[in-house]
Protein chains: 4
Amino acid sequence: MKGHGAHGLHLDAAVRADAKKRLASVRGHVEGILRMLEDDGVYCVDVLKQLKAVEGALDRVGALVLKSHLTHHVATAAGRGDEARMVDELMELLKYR
Amino acid sequence: MKGHGAHGLHLDAAVRADAKKRLASVRGHVEGILRMLEDDGVYCVDVLKQLKAVEGALDRVGALVLKSHLTHHVATAAGRGDEARMVDELMELLKYR
Amino acid sequence: MKGHGAHGLHLDAAVRADAKKRLASVRGHVEGILRMLEDDGVYCVDVLKQLKAVEGALDRVGALVLKSHLTHHVATAAGRGDEARMVDELMELLKYR
Amino acid sequence: MKGHGAHGLHLDAAVRADAKKRLASVRGHVEGILRMLEDDGVYCVDVLKQLKAVEGALDRVGALVLKSHLTHHVATAAGRGDEARMVDELMELLKYR
């Protein structure tokens, strides 16, 4: 979770607040799955469905942050002259999903 | 997180223990991102990378549970005669990722 | 595209026929994108949408084949005693998507 | 495969040429799978592996086009004043994968 002072770009405050609220709910959901896993009769597919639901919620947090990043930092990159860096960083991020 | 008594299948104990340990670590990771989001200078891409890392960790928990489910419940389905149900359930689960 | 004689399992004939029909349509779709790419005014996002549509069609072919495989080969694996092999093979296949 | 004259943005010529070459190879790969499917002894997993390889090749074509789009059209959006449109279009595209 390294610094980023060099370019001075940071996550929009409203999006950051929304992401925090959603991520707190994700934490609650993970705790719910941890409780499910206390039950020795828990069924695999019920666990898998909950894991998938958490991944969906994380995707939605990611979509918020990505949309903000595209709008405030990528769409303005040519104006700053750092488009190569911004695009490489974004391609790296999108690569594995 | 509905019941499943009807078929009596449940998650293998060793896999359940491993999943719990890994999911506790996922919870810690989510808490780390929540702390990142306290910082008003946090950079979007640093958040996105951490969200992706958490999704990767959830995928690995899911892979453990899925492998156990395939081995203990799907591969034995023809013997029990519930292969149509087991396969439909699995296809539904795999659909959106 | 190696052989598989060792275990004698093969794709169900009706599914094979359906997969062929769908894959011929995928080929037509790919040819449509090749024609789009002849146009020097083609817009990136229009190409990306078509690529995504082709991937969706390939996913649907894959889902047909996977469902048949699960039903006819994985659900019967315990009866043959090759569940470890069948499950490893399947986990490998599901890994990267 | 609708027009796009309104904004006058189009795919970079070198990327278009590279995409054509790669997509011609994808077509050949699809034809290879069609031939595999002529064989009534073909094994499901061999088909699934080839479908996955084709999807990987399509992903690589998509990555080329996306990188070019980000560099030439998204990173310059603030300068043109169409960042909302460009970002919405991109988010829609990224949504289902």
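Worth pointing out:
Condition check ((1) more than 22 Å from B:Thr76 (Cβ to Cβ); (2) open to solvent by less than 10 Å² (accessible area, probe 1.4 Å); (3) of a type outside the set (A, V, I, L, M); (4) touching a residue at least 40 places away in the same chain (Cβ under 8 Å)) across all residues:
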residue: C:Ala13; (1), (2), (3), (4): yes, no, no, no
residue: C:Asp40; (1), (2), (3), (4): yes, no, yes, no
residue: C:Arg60; (1), (2), (3), (4): yes, no, yes, no
residue: C:Thr71; (1), (2), (3), (4): no, no, yes, no
residue: C:Val74; (1), (2), (3), (4): no, yes, no, no
residue: C:Ala78; (1), (2), (3), (4): no, no, no, no
residue: C:Ala84; (1), (2), (3), (4): no, no, no, no
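- Flag for B:Ala53 being among the small types (Gly, Ala, Ser), assigned to a helix (DSSP H, G or I) and over 24 Å from A:Gly28 (Cα atoms): no
- Residues that are charged (D, E, K, R) and out of contact with any Ser or Thr (no Cβ under 8 Å at 6 or more places or on another chain) were ranked within segment C:2-28; the one that is modelled with the lowest pLDDT is C:Lys2.
- Looking across segment D:25-38, the residues that are assigned to a helix (DSSP H, G or I), open to solvent by less than 40 Å² (accessible area, probe 1.4 Å) and facing chain C (nearest Cβ under 8 Å) come down to D:Val26, D:Val30, D:Gly32, D:Ile33, D:Leu34, D:Met36.
- For segment C:64-89, residues that are in a helix (DSSP H, G or I) and either touching a Gly at 6+ places or on another chain (Cβ under 9 Å) or more than 7 Å from every other protein chain (Cβ to nearest Cβ) (or both) total 8.
- Residue check for B:Lys21: under 22 Å from C:Val65 (Cβ atoms) and either open to solvent by 40 Å² or more (accessible area, probe 1.4 Å) or under 20 Å from the mean Cα position of the chain (by Cα) (or both): no
The values are calculated or read from the model by the stated rules, or taken from the named source; none is laboratory data. Keep in mind that this is a model prediction, so the values were computed, not measured. As a convention, Cβ positions derive from the backbone with ideal geometry for all residues, glycine included, and neighbour counts pool all protein chains shown. Areas reflect the complete protein model, heavy atoms only, side chains present, ligands, DNA and RNA absent. Shrake-Rupley method; radii C 1.70, N 1.55, O 1.52, S 1.80 Å.
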